[in-house]
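Okay, structure first, notes after.
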Amino acid sequence: MKICITGATSGIGEASLHLFAQNSDHIIAIGRNEAKLAQLKLQYPDLVTPLILDIRDKEKVTKTLSSINDIDILINNAGLALGMDPAQKSELNDWDIMVDSNIKGVLYTTHTLLPKMVERKQGLIINVGSIAGTYPYPGGHVYGATKSFIHQFSLNLRADLAGTNVRVTCLEPGMVKTNFSEIRYKGNHEKANKAYENIAYLTSEDIAKTIFWISTLPSHININVLEIMPTAQSFGRFHYERRSI
Ligand code: 8X3
């Protein structure tokens, strides 16, 4: 099979790449980290095709991917959260970057590759969403909203793809230890590490195994949405402002 993975140079994307490579699948590995892509190519010379690509670059993404006609699985994994301040204190530029990566990047890859999947009457798109797209939390504002978009976009794709044999899954992980927090807290190691302190978090490999499992399902099965959390992560109560009324 031929798998296209965005954000293939770290975290869930990289762990997925390793699993598919161990299965002798061919992988189009998309990322911005040239050195890491070169290392992955060195590790799997016959299986990995590295593409140095920023998924926010509409022209480059559409131009580069339009020449590839035989992708079986597209894993829209690249994305990020920036900042944890409340919306009213956050940076507008961070909002732009999250929208451009988490939403527009997914649109560019999907829009380019989807017609070819429909033509071939086969294909699977796995969009990596997040529990933050369903459950609000302080500081989640635009990050969570971009993942709500991914949730609904995935379901709407399913509606349009009826009868095409092309499948779409939105995979929505909770806390996974990757460089996610390092990026969210903009390099503040202390805050990033604290996020995972004494928590039996999910690992990239846990999610990669789930992605791989979805890819092995027979073509008559479509997982629409799959939410997955560490057992140690759960829900909180509502916040109430108490004052004399
Ligand atoms: C991130 C999940 O729980 O860290 O996608 O907000 S969580």
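Averaged per residue, the chain has 53 square angstrom of accessible surface, using a 1.4 angstrom probe with ligands and nucleic acids left out. Size estimate for the stretch 2-228 follows the Kirkwood approach: the inverse of mean 1/r over distinct Cα pairs works out to 17.7 Å. Rg and Dmax over the alpha-carbon atoms of the stretch 1-63 stand at 10.9, 32 Å. Figure note: THR178, THR134 ranked by solvent-accessible area, largest first, 1.4 Å probe, ligands and nucleic acids not counted: THR134, THR178.
Within a straight-line Cα-Cα reach of under 21 Å, LYS116 can be paired with the following lysines, leaving aside sequence neighbours fewer than 8 residues apart in one chain: LYS2, LYS58, LYS60, LYS63, LYS104.
In the distance distribution for the stretch 64-129, Cα-Cα pairs more than 14 Å apart total 62 percent. Ordered by 1.4 Å accessible area with all protein chains kept, LYS58, LYS36, LYS63 run largest first as LYS63, LYS58, LYS36. The accessible area of GLU205, taken with all protein chains in place and a 1.4 Å probe, comes to roughly 100 Å².
Listed peptides 142-148, 1-7, 74-80, 115-121 appear in the order 74-80, 1-7, 142-148, 115-121 once ranked by packing, highest mean of other Cβ atoms within 10 Å at the front.
For the stretch 121-245, the fraction of C-alpha pairs more than 25 angstrom apart is 35%. Simple rule: put +1 on each Lys or Arg Cβ and -1 on each Asp or Glu Cβ in the chain, find the dipole, and look at HIS151, ASN179, ILE214; the Cα lying farthest toward the positive end is HIS151. For the residues ASP25, ASP46, a 1.4 Å probe over the protein chains yields an accessible-area ranking, largest first, of ASP46, ASP25.
The ellipsoid equivalent to the alpha-carbon distribution of the stretch 103-149 has semi-axes of 28, 11, 5 angstrom, derived from the gyration tensor eigenvalues as √(5λ) and listed largest first.
The values are calculated or read from the model by the stated rules, or taken from the named source; none is laboratory data. Note that the structure is predicted; figures quoted are calculated from it, not measured. Here the Cβ is made from the backbone with ideal geometry for all residues, glycine too, and neighbour counts use every protein chain on show. For the accessible areas, the whole protein counts, side chains as well, though only heavy atoms, and no ligand, DNA or RNA atoms are used. Shrake-Rupley method; radii C 1.70, N 1.55, O 1.52, S 1.80 Å.
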